[in-house]
Amino acid sequence: MARTILVADDSPTIQKKASGILTGEGLDVVTVSNGVAAVKKLKAISPLVVLADVSMPGKDGYEVCEFVKGSAEHRHVPVVLIFSDMDTYEEARGASAQADGRIRKPFDGAELIAIVSKFVAQAEAAAPKPAGAKAAPARKPAPTQPKVVKPAVPSLTALKRDLHARLIEAIADFATTCELPADLTRADVLDDISKVCAYIPTSGWDARLTQHSLGGRNPNKDIPITSGAKVRAVRKAAA
């Protein structure tokens, strides 16, 4: 879309200066020397902003402004009226014509750029959309991630406590079956697995464990199992 500014002023000097300043800002500038020509140019160029001199032949700037604001097609276009010390700005007529702003000539470059840039931004935001233009599709909400429910897991402390209790029970059965010395069968000693495990490998005998002492996992009660093998199993389980 062209970013065109329409400048209506009967002074060639003002037309040239306005054109030089605004084209340097990347804007296209169309100039006319009277209000009638300005009105005719509106439909052809669809300007973003109109600058119109308050005193020029045909239609003056106030009349041009009234035409723009009364047009269904162009009423959104900002109109800035140009005045001078000789052709002063009439507040009442400007308000009646619904002028958007005013600027004194000869122009100060920085002031002209600031005023036009402000109204260009407003005009671009307010410009009607072309017929048949489709609105941008609404963004679909991001899919929500399903909550992962972790299965309940017993605490490590609880697992260790349960394992320790089972080992104590197994060692007690083992001690009874193998007829360990009395000082190793006391409850306080059995509770210290390391003491039992330290004794058995040095005792010099094989242990024959009954099916009961293996918790039913040894269907053949006549199979001898060395105490050292059993202790290694106990130690591995307790590690």
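Every number here is computed from the coordinates shown, using simple stated rules; none is lab data. Just so you know, these numbers come straight off a predicted model, no measurement behind them. Reconstructed Cβ throughout: ideal geometry from the backbone, glycine too, with neighbour counts over all protein chains shown.
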**OP:** Just subtract the alpha-carbon distance of Val36 and Glu91 from 0.36 nm times their residue separation and send over the number in nm, one decimal.
**Re:** 17.5 nm
Subject >> Spin-label zone in the stretch 85-119 - amide nitrogen under 15 Å from a point set 7 Å from the Cα of Ala126 along the C-beta vector >> reply: 95-102, 116-119
Original post:
Each label point is 7 Å from the Cα along the Cα-to-Cβ direction; what then is the distance between the points at Lys118 and Arg3, in nm?
Top reply: 1.7 nm
**OP:** Please list the non-local residues whose amide H lies under 5 Å from the amide H of His74, H modeled 1.01 Å from N, same-chain partners needing a gap of 5 or more.
**Re:** none
Subject >> Cα-Cα over 21 Å, subset of Lys40/Lys105; Lys43/Lys105; Lys16/Lys41 >> reply: Lys40/Lys105; Lys43/Lys105
Subject >> Cut-off 11 Å between beta-carbons: net charge of the residues surrounding Arg3, Lys and Arg +1, Asp and Glu -1 >> reply: -3
Subject >> Amide H partners (placed H, <5 Å) of Met56, local residues excluded >> reply: Gly61
**OP:** Sort the stretch 4-126 into rounded, prolate or oblate with this rule: let a ≥ b ≥ c be the square roots of the eigenvalues of the Cα gyration tensor; rounded if a/c is under 1.5, and if a/c is not under 1.5, prolate when a/b is larger than b/c, oblate otherwise.
**Re:** rounded
Original post:
What does the charge add up to near Lys43, with Lys and Arg as +1, Asp and Glu as -1, over the other residues with Cβ less than 15 Å from its Cβ?
Top reply: +2
Original post:
Once the other residues with Cβ under 13 Å from the Cβ of Met56 are scored (Lys, Arg +1; Asp, Glu -1), what is the net sum?
Top reply: -4
